[in-house]
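The values are calculated or read from the model by the stated rules, or taken from the named source; none is laboratory data. Since this is a predicted model, take the numbers as computed values, not measurements. Note: ideal-geometry Cβ built from the backbone for every residue, glycine included; neighbour counts use all protein chains shown.
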Amino acid sequence: MDYASDKGLAALKAMINLASSPAFKNGSSIDNGTNIGAIVDGTWDAAAAQALFGDNYAAAKLPTFTVDGKSYQMGGFSGNKLLGVKPQTDAAKLKVCQELAKYLTSEEVQLARFNAVEWGPSNLKAQQASEVQSNAALKALAEQMPNMQPQGQYPGDYWTLGTSLGDDIINGTVSASSSDDALMEVLNKFQSTCESYVQ
């Protein structure tokens, strides 16, 4: 974890700057959105975004931002699904489980799932299908993936802590008038609280 770092400080300043923009609206669901020009969201909301924006729908990777004259690429977490087979003492049962896993991860099934609900396939051959390659949300996600890290198992308290920091930025408790030292103190507290979750 490097929240309490120069990069963390730059990110915090960028969040403060964004929250102070009259174009910023805090929200967590496109379904509740009105008068939206753009939204940061995930592929799970692609259908809702298409419905809202209509012919103006498009998707792109997260943008860069500039703080103190230096440019940074926005990152994020990537949520990925794994399919595993639990070890079995019964060889016949193990074989059935393995065959089911092969079937569910096959090109055919992954493409069928994509065509039904537009979920990005994990099967490498299915990812190359023309309909997958032309999907705007999945194309943007593929461009963003090098700037993301796997989400892993984060406790609920982590998300509550992040929400609290965001609320402090939005309500001005943490603001552009705060010194770098004061902002670093916020980041040190955030990081030490995160580290306490894994002890």
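Worth pointing out:
- Residue within the range 7-22 that is under 21 Å from the mean Cα position of the chain (by Cα), surrounded by fewer than 16 Cβ atoms within 10 Å (Cβ to Cβ), free of Cβ contacts under 8 Å to residues at least 60 places away in the same chain and under 18 Å from residue 138 (Cβ atoms) present: no
- Test result for residue 88, over 29 Å from residue 13 (Cβ atoms), in a loop (DSSP other than H, G, I, E, B) and not aromatic (Phe, Trp, Tyr): yes
- Residues in the range 60-78 that are more than 15 Å from residue 147 (Cβ to Cβ) and of a type in the set (Gly, Ala, Ser): 69 only.
- The criterion of at least 2 residues that are under 20 Å from the mean Cα position of the chain (by Cα) and among the β-branched types (Val, Ile, Thr) is met, among helices (runs of 4 or more DSSP H) falling completely within the range 118-199, by 156-170.
- In the range 63-72 there is no residue matching the filter, namely being part of a helix (DSSP H, G or I) and among the basic types (Lys, Arg).
- Top-ranked residue of the range 107-160 - restricted to ones that are hydrophobic (A, V, I, L, M, F, W, C) and touching a Ser or Thr at 6+ places or on another chain (Cβ under 6 Å), ranked as farthest from residue 189 (Cα to Cα): 137
- Pairing each residue of the range 180-199 that is of a type in the set (S, T, N, Q) with any residue that is surrounded by 13 or more Cβ atoms within 10 Å (Cβ to Cβ) and assigned to a helix (DSSP H, G or I), provided the two are 6+ apart or on different chains, yields C-beta distances under 8 Å for 191/8; 193/161.
- Within the range 49-62, the set of residues being aliphatic (A, V, I, L, M) and either at pLDDT 95 or above or part of a loop (DSSP other than H, G, I, E, B) (or both) comprises 58, 59, 60, 62.
- Any hit, the range 125-138, residues being surrounded by 14 or more Cβ atoms within 10 Å (Cβ to Cβ) and closer than 30 Å to residue 6 by Cβ: no
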